[in-house]
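Only one structure is covered here, and it is reproduced in the block below.
The values are calculated or read from the model by the stated rules, or taken from the named source; none is laboratory data. Please read these numbers as outputs of a predicted model, since none were measured by experiment. FYI the Cβ positions are ideal-geometry reconstructions off the backbone, even for glycines, and counts take in every protein chain you see.
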Amino acid sequence: LFLLFTMAAKKQMQMLVTRFERLSRRISLAGLLSNHQATEAIAQGRVQVDGTVAASNFKVFQEAYVTLDGVNVPPPEPEPKLWAMFKPRKVLCENLEREDTKTLRSRMRRWYDKEADRVGKAASAGLEEESLKDRHWVIVTGLAYAHDGLVLLTNDGIFAETLSSAEANVLSAFDCKIQGDPPVDLLHQWRTGARAAGVNYGRVFCSVKKRTGATFRLRVRYVESPERPIDMLLDAHRMRIQTVRRYSFGPYIVTDIPADKVVRIPIHKSLRHLIPVADMRQTLVPLHGAMMEDGHSRKPRLENSAVEMEAPE
């Protein structure tokens, strides 16, 4: 009771059901640093919670005021963010910039610079965040250097890992151009299950889209995961690959995505069950602003208690 009275004397408190996140995850979800970088920043004393340096990577409630190097770290949104982009061939699927090598990050910067030059500085407000060039993000569906097509990104590493797992049962479709005749009997066998290099690919569905001279275009559909790359499946069965394009991932299709920018996309209803479950708890949190009752400001109080909160000065 004394502790509660002391807290009340210093701050007005309110009992709420609120969301808790580890400090490193909150910083990562805000797009400021990766989870690993955020953990290091906490250890270096660069993170504060309600004006006090965080001594460890503990969980904080949503209403806590968190800063990183003096910059506000906003609380996470109710759902993860999801973006889509088109990755061209000869671009590395990396959240880094490399000298003399194109990456997703360097393409984002090029898009931003090009658009900012076109519209001017005044009209480019908000473009920096939209381009993601200086934000942290996680690749959901990576692609090999030589391949092109749809790539999804998110701000939530847990969501990315879940989406890309075989257990999520999300179908991907690839358009593959191969040299020579495809082994038709083998493609039919894949409908009941395919294996390559000791890895079980599950059921794989193939259809011939087009034949041009000595080349075939196949549409290959299966549940993709990092352990089940399309290259390994085709190479293991001696199919000579010329080009590979990811046509779709679940409900998202590459033809719906512009070729020259990153776009925010909604989480489709078929994937919503894969959203990470938030840690929700009831707790006392500091009251910001005035408490309202029937449209009027009221004095905070503890119901049925002899302890009264002090009115704000």
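List of remarks:
- Filter result for Ser165 (under 18 Å from Arg245 (Cα atoms), modelled with pLDDT of 95 or more and out of contact with any His (no Cβ under 6 Å at 6 or more places or on another chain)): no
- Restricting the first member to the range 266-278 and to residues that are more than 22 Å from Arg22 (Cβ to Cβ) and exposed (fewer than 14 other Cβ atoms within 10 Å of the Cβ), and the second to residues that are modelled with pLDDT of 95 or more and not basic (Lys, Arg), the beta-carbon pairs closer than 7 Å and six or more apart or on different chains are His268/Gly250; His268/Pro251; Ser270/Gly250; Ser270/Pro251.
- Note on the range 151-246: enclosed helices (runs of 4 or more DSSP H) holding 2 or more residues that are buried (at least 19 other Cβ atoms within 10 Å of the Cβ) are 157-163, 230-236.
- Test for Thr39: is it part of a helix (DSSP H, G or I), modelled with pLDDT under 95 and β-branched (Val, Ile, Thr): no
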